[in-house]
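To start, the structure itself, in structure tokens.
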Amino acid sequence: MIVTHTTRAAMVGPTPDGRTHLTMTDWTKLSYAVVDVEGNGQQPPDLVEVATVPIINGVMGKPSSWLVTPERPIKYFATRIHGLTNEDVADAPSFADVQDEVRRALNADVLVAHNAHIDVGVLQRHLGEWECPEVLDTLKLAKRLLPKQSSYKLGSLVETFTLAEGLPDGLTPHRATYDVLVAARLFVLLATRDNTPLSIEELRGDSPGGGEDEPPALF
């Protein structure tokens with residue numbers, strides 16, 4: 001189950017005209033888990049890598065990542081995208097062995113991902129009775145808050161806003177840790193306007209219809 005909204009605004013009032021109104025909640029007052037998953041190219045996909053980054057009080061924490069052995073082999077076209085081979089994960093634990101750690105890492109007020117329905121769908125299938133929190137999709141947020149970009153693919157936004165600058169050596173696009181770190185940086189960028197934090201209500205605003213969703217390349 002996905003909880004699409006939670007009410008965080010507080011009742012204030014009455015105002016001088018006798019009405020009550022709602023205050024807006026600074027987005028940094030909530031906790032966030034940014035997530036990225038990589039798959040084996042099967043249908044439906046098995047996980048081969050998961051990474052998360054917490055954002056607490058508006059500050060990004062350290063990433064956590066897990067390589068896992070999928071139930072079915074990694075297909076060649078998936079390896080061409082993320083670079084992971086069956087040999088790379090041969091000695092990795094099964095997802096069942098790490099799922100409790102993953103659940104703890106996802107324990108936040110809001111889940112954040114780029115093209116989030118893909119990540120959420122895979123996680124829901126693997127985590128069974130997991131109750132997904134509210135979801136914010138950086139793809140939809142970027143379309144609304146950064147209009148007129150030539151592309152809203154994660155790689156294009158990373159290049160446009162230099163979101164990979166200063167990342168640890170050895171990280172590469174389409175690996176979960178790289179993607180989750182740049183997605184977290186993108187979210188913080190989107191959630192701040194003129195050095196002022198947006199409210200969670202502003203981030204929840206209606207997303208535009210249509211447009212360029214990223215294809216689920218690995219799945």
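Read the figures in this text as sums done on the coordinates, not as results from a lab. Bear in mind the structure is a predicted one, so any value in this text is a computation, not a measurement. Don't worry about glycine lacking a Cβ; one is built from the backbone with ideal geometry, like all the others, and counts go over all protein chains shown.
Figures for the structure shown
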item: Karplus (6.51, -1.76, 1.60) ³J(HN,Hα), θ = phi - 60°, over region 160-168, in Hz, Gly and Pro reported as x; result: 4, 10, 6, 7, 8, 4, x, 5, x
item: Proximal charge balance of SER64 [Cβ under 10 Å; K/R count +1, D/E count -1]; result: +1
item: Charge context of ARG103, other residues only, Cβ under 12 angstrom, K/R +1, D/E -1; result: -3
item: Over region 25-195, relative contact order from alpha-carbon pairs under 8 Å, at least 6 apart, %; result: 26 percent
item: Whichever lysines have a C-alpha closer than 26 Å to that of LYS140, once near sequence neighbours (fewer than 8 apart) are set aside; result: LYS29, LYS62, LYS148, LYS153
item: Region 25-195: C-alpha pair distances exceeding 25 Å, %; result: 30 percent
item: Length released on extending from ASP91 to GLU159, taking residue separation times 0.36 nm less the Cα-Cα span; result: 21.0 nm
item: Inter-part distance where region 102-161 and region 173-207 are each reduced to a Cα centre, Å; result: 9 Å
item: Segment GLN149-VAL59, extension gain: residue separation times 0.36 nm, minus the distance between their alpha carbons; result: 29.8 nm
item: Residue-count net charge about LEU190 - beta-carbon cut-off 11 Å; Lys, Arg +1, Asp, Glu -1; result: +3
item: Given charges at beta-carbon only (K, R positive; D, E negative), |dipole| of region 25-195 in Debye; result: 700 debye
item: Packing-based exposure ordering (other Cβ within 10 Å, fewest first) of TYR32, TYR178; result: TYR178, TYR32
